[in-house]
C-alpha cells in the first residue's frame, strides 16, 4: 500500500526509502478549540501583579527565596534592586568565593554521609562488584546514589551557591542517568562529584569527555561493551541527538553528501550514517569490569575508564562529512577529534543555548537571546569558564530579568522552594529512616531527581507538569512537611522556622491578626499581595477557632501565637495556612 | 463532546461542598456512580510500550525463508527457535515469544488481531522524536497546534456524554503528551492516595476545604489542573478500591502494568464515563541483556493484558478495545551485546471481543533486499490506518483529518468489527459548528 511520506522538517532531496512523497499537506487545524477552554484564555492573575525583582530572580536562578538570601541581596551595594541583583549574579557566577561551610557540614561524615569522598575505584570495589565479580548486597550497592539524592535535597535547601545547584540539575538532566538502571547506583557519587559538578559553570567539551568516560554513562547507554565486531549504537545516537547537535539537526535517512553546509563550513546536521560512524568511533571506550575477563586469572576490576584497543574499530570514520583516522600512537585521537567537532559545532551551541534559555527564561525563549548565548558558548568553546560566560550573558539579559510566569516550577522546585521558605531543618541523615520516607515520598510527584528513565532528562515545559497526579503528590508532600516535628508524636521540636520568621517580620504582636498574617506570608512566598478572594479564603482559615467545631472569627482579631493549646491550636493553624499558600496556582509560576 | 469545564455540573450536584471530605459527600459521589446504568461508551485502552519493543523477539518467524534469515544470518545468538516459540492458530509463519503464553491464548481464542509491520510513515530512530510524533498524532508538529491526538479526539467526539466525570485517564504520575492541551485529563498513579490527607490532625480537614474554595473558579491551565485534581479526588475516594472483585476471577499480576490496567478497569467499571485510557509502560529499550530482560517484559505484558481482558469481558463484553504499540521496532540484526538497536516496522496487537482475529497487513520479509536500509523490518501499514479504523468503527469518531492533521489516506484493514463511516479529512473542521450536521 502507498505510504504517506511527509518530511519531518527538512525536506530530503532524495527518496532513500523508495516511497513516493505523496503529498505535501498545507492544512493546519485551527488553534485548539478555545471555546471549550474559554476560561483558559482569561487574564492570568499572576501576570497581572508580578512579584518584585528580587523575588523573581531568586525564583528563576535559585530554588526560590528565603529570608537569608533576600536579606543578603538587600544589603549588597547598589542604589536599586537591579544594581543589587547584578552584584548577586556576579557572586553566584563565582561560587568558589562563597563560603558554604555550613551547608557542607550537613553532608559530612558527622551527619552520616560515608560514601561521598570515596574514590572511583573504592566505589566500584566496595559497593558494586567484589573481586570475584559478584555484586554487593542491595543496601550497600545503592548507598552511594541515596547519599547523592539526600545531599542534593540538602544543598537545594541550604546551599548559598544556589546557581551551582540549578546548573547541576540542568547538566544532570542534559546528561541524564536513570538511577534505576542496574549498575549506576554505586558509581553515581563519581558521576555527580567528578563528572557533572566540577564543570557546571566550566567547559562543555571537558564535561562531554568526562561523561563519555564515566562508569555510569558507559553502563547506562551500554558503550562499555561496544566493540568493533558488532557496534552498539545506543550512546552514539544519544550523544548526537541529546548531548550535542540535538534532534533539530537530525536529517534522518538522507545521504550525508546532501546535508547542507552552513555559513561557517560545517555540515549543518547529522544523518543515520553519522550515528553508525559515531558508534564505530566509540568502540573500545570502556571501563575496567565491563568484560568477563576483567575478573579472571587474578585480574582486579577497578571500575575506572579503560580504552580497549583490541575492541576499537581502526578503520577511518566519516562524521559530518569529515574523515577521522586512527592513530596507533594516539589511539583515542579519532574520537577526541570528533568530540572537538561536536563541541564547537554551531548546531551544538544553539541547542545548548536554547535549553539553557528554556531552563532559566521561558518555555519558548526568544531567538535573539538564544543566539546571544549560543554565540558566547561558541566563541569560548575552548575556554575553561565557557559556561560561566554564557550564563553571564543569559542572566544579565532583559529576557531573564524582566520575564515572569513563562514557566512553571517543576515539583522538585516547588518542594525545595517551600522547604527553603519555611527553613526546614530536618537533617536528612542517610542512617535515619525518616530520610528514606522523605525520599520515597518524592516519587509521588513524578520528579525524583535522577529518576527520569530515558536519557533525555526530565521535560522542561509546562505541559508535561500539568498533571493531576504530580500536583497532588507535590501538595501532599509539602502538606506533611509543613507541620512535621522531629518525631511523629509532636513531642520534639517543629522542623520549620515559620513562627520565628513571623516574630521577626511582624515584631508587634498586635499585628498578629489573620488579615496581616496572611498578607505577610503570602507576600513572602509569592512576592506580591494576594487578590481579595484569595486573601479572604486564607484569612477565614487563619481566623478560625476551635478545631473540633470550627467557627470563623474576625480577620482583625489578634491571635496569640505563643499559645498552641487545644482546641484552637494557633501555631499549627499558622503552619497549615502557610502550607496552603504553596498550593495556590500563583506559587507554581516561575 | 467532552465537557472540559465541569464547574456547572459540580455546582449542580453539590459534589464539592464546604464540608470537605466527610461521609456525606462521599455518599453523594457514590450515588452518582452507577446512576447511568453502566458505561455509556466503548473503552479504548492504548498501551504504549516505551523504549521500542522488539517485534522480531515478541513475534518471531517460525518457518520459511524469513525464519532461516532470522535464525542464521540476522540473529545467530538471539533468535527464538521455532521449537520454543508459541504456535498461533491458522498459520505457521509466526509464533509468539515463549513467555507470552496468555497472549497466545487470547490469539488462539480469537480475541486478538496482529497487524504486521506498522509504524510511522517516515522512519525516525529517535525514541523521543518517534514517541512525540505518535503522542501528538503528526510528524508535522506545526500541524498539531500544540495539542495531543487524544485531546483532539475528545474535542471532536460527538458522542462523549456532557456529564462524563472522568472521560480520560493516564495511570501514572505524569500526563501523556497525547493529552497535551487538555489540563483536565486525569493522571492518577495510586488512586487510594489521591486525596489531600496529609494535613495536621487538628486543622487538616478545614485546610482541605479552604483549598477547594481557592480552586472554585479556575482561570488558568494551572488552576484548572488543581480544580480537576481536587474534584476528581472526591469521585475517586468514593470508589471502593480495596475490595475490587475483578470479573472472571481475573488475577492482575503484581507489576506496574498490572496495577495500571487494574486501575483502568476499576475506573471503567465504576461508571465515571471513562472512554480512553492511555497506559504508558517502559523498559523495552533492550540494547543489552535482551534475552533475559525481554523474558520478564513479555511475561509481565502478557499476564497483565490477559487479566484485563478477562476482567472486562465478564461485565462489558464487546465494549472495549486494547491497542498495544511501540514507537518503532528494533534492528533486525543483533548488536555486540547479543541485543538490538533501534529499527522501524513493528507489529501492533489489538485485543477485544470485537476484533477480526488473526493476522493483518503484510510482512515485508527479512532478506537483505527487503529490509529498510538493509537493517530494519520495513513498514507496510501506516499505524494511523489501524488506529483510525478503531476510532471510526468502535469509538464512532470519523474526524480523522482533525485528529491526525497530516493524514488523508484512510485504508482500513478490517481489523475490528463495526460500521464504517466516511472519514472527514478536513483539518479545519470546527467541532461545534459541524456537530449540527453529523
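Quick notes
- Any chance residue B:150 is more than 9 Å from chain A (Cβ to nearest Cβ), buried (at least 23 other Cβ atoms within 10 Å of the Cβ) and part of a loop (DSSP other than H, G, I, E, B): no
Conditions tested, residue by residue: (1) closer than 23 Å to residue B:352 by Cα; (2) free of Cβ contacts under 8 Å to residues at least 60 places away in the same chain.
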| site | (1), (2) |
| --- | --- |
| B:89 | yes, no |
| B:124 | no, no |
| B:131 | no, no |
| B:136 | no, yes |
| B:140 | no, no |
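- Scanning region B:126-147 for residues that are more than 7 Å from chain A (Cβ to nearest Cβ) and touching a strand residue (DSSP E or B) at 6+ places or on another chain (Cβ under 9 Å) yields B:130, B:131, B:134, B:135.
- Only one of the numbered conditions (1) part of a helix (DSSP H, G or I); (2) under 20 Å from residue A:318 (Cβ atoms); (3) touching a helix residue (DSSP H, G or I) at 6+ places or on another chain (Cβ under 6 Å) is violated by residue A:257, and that is (3).
- Check on residue B:209, within 11 Å of another protein chain (Cβ to nearest Cβ), in contact with a helix residue (DSSP H, G or I) (Cβ under 9 Å, 6 or more places away or on another chain), in contact (Cβ under 8 Å) with a residue 24 or more places away in the chain and part of a loop (DSSP other than H, G, I, E, B): no
- Among the residues making up region A:135-168, a single one is over 27 Å from residue A:417 (Cβ atoms), in a loop (DSSP other than H, G, I, E, B) and touching a helix residue (DSSP H, G or I) at 6+ places or on another chain (Cβ under 9 Å): A:136.
- Of the residues making up region A:104-130, just one is part of a helix (DSSP H, G or I), within 25 Å of residue A:384 (Cβ to Cβ) and touching a residue at least 24 places away in the same chain (Cβ under 8 Å), namely A:120.
A quick yes/no check of all residues on (1) more than 14 Å from chain A (Cβ to nearest Cβ); (2) modelled with pLDDT of 95 or more; (3) within 13 Å of residue B:330 (Cβ to Cβ); (4) assigned to a helix (DSSP H, G or I):
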{"position": "B:40", "(1), (2), (3), (4)": "yes, no, no, no"}
{"position": "B:48", "(1), (2), (3), (4)": "no, yes, no, no"}
{"position": "B:56", "(1), (2), (3), (4)": "yes, yes, yes, yes"}
{"position": "B:66", "(1), (2), (3), (4)": "yes, yes, no, yes"}
{"position": "B:73", "(1), (2), (3), (4)": "no, yes, no, yes"}
{"position": "B:76", "(1), (2), (3), (4)": "no, yes, no, no"}
{"position": "B:80", "(1), (2), (3), (4)": "yes, yes, no, no"}
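- For region B:242-259, the criterion of being at pLDDT 95 or above, more than 9 Å from chain A (Cβ to nearest Cβ), at negative phi and buried (at least 23 other Cβ atoms within 10 Å of the Cβ) is met by at least one residue.
- Inspection of region A:234-246 identifies at least one residue that is part of a loop (DSSP other than H, G, I, E, B), surrounded by 23 or more Cβ atoms within 10 Å (Cβ to Cβ) and touching a strand residue (DSSP E or B) at 6+ places or on another chain (Cβ under 7 Å).
- Selection of region B:360-376 for residues being at negative phi, buried (at least 16 other Cβ atoms within 10 Å of the Cβ) and part of a loop (DSSP other than H, G, I, E, B) yields B:363, B:364, B:366, B:371, B:375.
- Matching option when the condition is closer than 25 Å to residue A:235 by Cα and either at pLDDT 95 or above or under 17 Å from the mean Cα position of the chain (by Cα) (or both), among A:143, A:197, A:155, A:161: A:197
- Within the set B:100, B:185, the sole residue that is crowded, with 24+ Cβ neighbours inside 10 Å, under 16 Å from the mean Cα position of the chain (by Cα) and in contact (Cβ under 8 Å) with a residue 12 or more places away in the chain turns out to be B:185.
- Residue in region B:284-303 that is without any contact (Cβ under 8 Å) to a residue 24 or more places away in the chain and not in a loop (DSSP other than H, G, I, E, B) present: yes
- Residue satisfying all of: in region A:272-284; crowded, with 23+ Cβ neighbours inside 10 Å and in a loop (DSSP other than H, G, I, E, B); nearest to the chain's Cα centre (by Cα) among these: A:282
- Across region A:437-495, the number of residues qualifying as touching a helix residue (DSSP H, G or I) at 6+ places or on another chain (Cβ under 8 Å), closer than 25 Å to residue A:171 by Cα and more than 11 Å from chain B (Cβ to nearest Cβ) comes to 5.
- Test: residue in region B:388-399 that is within 26 Å of residue B:123 (Cα to Cα), modelled with pLDDT under 95 and not in a helix (DSSP H, G or I): yes
- Residues that are within 14 Å of chain A (Cβ to nearest Cβ) and not in a loop (DSSP other than H, G, I, E, B) were ranked within region B:316-356; the one that is surrounded by the fewest Cβ atoms within 10 Å (Cβ to Cβ) is B:331.
- Looking only at region B:38-84, residues that are under 26 Å from the mean Cα position of the chain (by Cα) and either on the phi < 0 side of the Ramachandran plot or without any contact (Cβ under 8 Å) to a residue 60 or more places away in the chain (or both) come to 20 in all.
Here's the yes/no breakdown for (1) buried (at least 22 other Cβ atoms within 10 Å of the Cβ); (2) within 22 Å of residue A:53 (Cα to Cα):
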residue: A:384; (1), (2): no, no
residue: A:387; (1), (2): yes, no
residue: A:392; (1), (2): no, yes
residue: A:396; (1), (2): no, yes
residue: A:399; (1), (2): no, yes
residue: A:407; (1), (2): yes, yes
residue: A:411; (1), (2): yes, no
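- One residue from B:169, B:164 being more than 12 Å from every other protein chain (Cβ to nearest Cβ) and either under 30 Å from residue A:577 (Cα atoms) or not in a helix (DSSP H, G or I) (or both): B:164
- Taking region A:565-582 as the range and being without any contact (Cβ under 8 Å) to a residue 24 or more places away in the chain and either outside any loop (DSSP other than H, G, I, E, B) or surrounded by fewer than 18 Cβ atoms within 10 Å (Cβ to Cβ) (or both) as the test, the residues that pass are A:565, A:566, A:567, A:570.
- Of the helices (runs of 4 or more DSSP H) entirely within region A:23-77, those holding at least 3 residues that are more than 10 Å from chain B (Cβ to nearest Cβ) and modelled with pLDDT of 50 or more occupy A:53-60, A:67-74.
- The lone criterion from (1) touching a residue at least 40 places away in the same chain (Cβ under 8 Å); (2) under 27 Å from residue A:572 (Cα atoms); (3) more than 9 Å from chain B (Cβ to nearest Cβ) left unmet by residue A:399 is number (2).
- Selection count where residues are out of contact with any strand residue (DSSP E or B) (no Cβ under 9 Å at 6 or more places or on another chain), more than 7 Å from every other protein chain (Cβ to nearest Cβ) and either part of a loop (DSSP other than H, G, I, E, B) or within 22 Å of residue A:567 (Cβ to Cβ) (or both), scope region B:183-196: 2
The values are calculated or read from the model by the stated rules, or taken from the named source; none is laboratory data. Computed from a prediction, not measured in an experiment: that's the story for all the values here. When we count neighbours, we look across all protein chains shown, and the Cβ atoms used for this are built from the backbone with ideal geometry, even at glycine.
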